[in-house]
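Just below is one structure, and these are the notes that go with it.
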Amino acid sequence: MARAPITVFGGTGFLGRHVVQALFDAGHAVRIAARRPALPDWAEPGDPLEPMSLDIRSESDVSRALEGARGVVNAVSLYVERGQASFDQVHVEGAGRLARLARAEGVPTFIQLSGIGAATSSRSRYVRARGRGESAVIDAYPKAIILRPSVMFGRDDAFLNRLAELTRLPVIPLFGHGETRLQPVHVVDVARAIVRLMGAAPSERRLFELGGLDILSYREILELVMAHLELERRLLPVPFPLWQLVALLASPLPGPPLTRDQVIMMAEDNTVGEGVGTFADLDILPRSLRDALPACLPERR
């Protein structure tokens, strides 16, 4: 008899790929639900992996992906609005739809990926949508588990690789004075947390914030990247209002290098708060950015 799968929505994204592998390695059957699904490169014939094409905005697609599932991970994300794909459609309506249909299907465990700082009162449209999405999920599926990672890093990530790209400049502009504090978390550790939460014993906590061992300023992270790449660059403080102007001028571009939402987020600390579940509640010791960075970036650029 085939094992009931865990459906990973967004299973081909940066986090989703690691979640699929971690669940598979833990002995779970996995359904990989995405717009353009594909089996991982490491998959072999006969592995309990099922790719499924879907649009999270489609009720029938979502229902099909939930059939017979014993767990759901919603790792679908949208960082820049494009065409008809808006933050509200993906992070609010899509997440709420998924939670409502999962509860109707009787799926026992539902994990919603969000982010530290998610709040309906944020000045950022993206962060507001994340906060509203959390509310939509809890309204539809009161026992859902909300995971809020800090900025994620790992091999082939966007975070460290973009910082490495900046080191090609003779002078690197900082957001403000580079004092915003971040708690970068390794993507593999977030995937490990999801596997724990999919275990036999359900968690009593419903909200987790996941950060790595190091709390570092943006300036300190850039200095670590430069030291790893054996480069020296001048760091130039740039006021946030000027960054907002740059984002405004870049907004008409089809793939803007900087958005207003990103500027707003870089003005606020992104660290684990008080009174929430953490890695410690899951008996997981997360990686340190300082120690893991060499494995995530090539030594030379």
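Just so you know, all these numbers are worked out from the coordinates, no wet-lab data involved. Predicted model only: the values in this text are computed from it and were never measured. Quick reminder, even Gly has a Cβ in these numbers, built from the backbone with ideal geometry, and neighbours come from all protein chains shown.
Structure notes:
- Nearest-0.05 FRET efficiency for ALA295 and GLU59, computed from C-beta distance (R0 51 Å): 0.75
- When the alpha carbon coordinates of the chain are projected onto the principal axes, the ranges are 61, 38, 35 Å, largest first.
- Packing-based order for 265-274, 132-141, 36-45, using average beta carbon neighbours within 10 Å, highest first: 132-141, 265-274, 36-45
- Positive-pole candidate from GLY83, LEU258, LEU293, dipole of the chain, charges at beta carbon: GLY83
- The string of couplings for region 37-51 from the Karplus curve (6.51, -1.76, 1.60, θ = phi - 60°) is x, 7, 6, x, 4, 7, 5, 10, x, x, 5, x, 10, 10, x Hz, one whole number per residue in order, with x for Gly and Pro.
- Only helices enter this figure: runs of n ≥ 4 DSSP H residues, each worth -39500 (n - 2.57), summed and divided by the residues of the chain, yield -10000 deg cm²/dmol at 222 nm to the nearest 500.
- Cα gyration tensor category, rounded, prolate or oblate, for region 92-188 with a/c compared to 1.5: prolate
- Cα long-axis angle, helix 218-228 against the chain (0 to 90 degrees, to the nearest 10): 90
- DSSP beta bridge pairing in the chain, given as percent antiparallel to the nearest 5: 10
- Estimated inter-spin distance, SER288 and ALA104, nm [label 7 Å along Cα→Cβ]: 5.0
- Residues ALA38 and GLU274, FRET efficiency given R0 of 45 Å [Cβ-Cβ distance, rounded to 0.05]: 0.65
- Dipole magnitude for the chain: computed about the Cα centre from +1 point charges on Lys and Arg Cβ and -1 point charges on Asp and Glu Cβ, it is near 540 debye.
- Take every DSSP beta bridge whose two residues both sit in region 117-232; close to 25 percent of them are antiparallel.
- Cα centroid separation, region 137-216 to region 1-51: 21 Å.
- Label zone of GLU179 (point 7 Å out along Cα→Cβ, amide N under 14 Å): in region 216-230 this covers 217-220.
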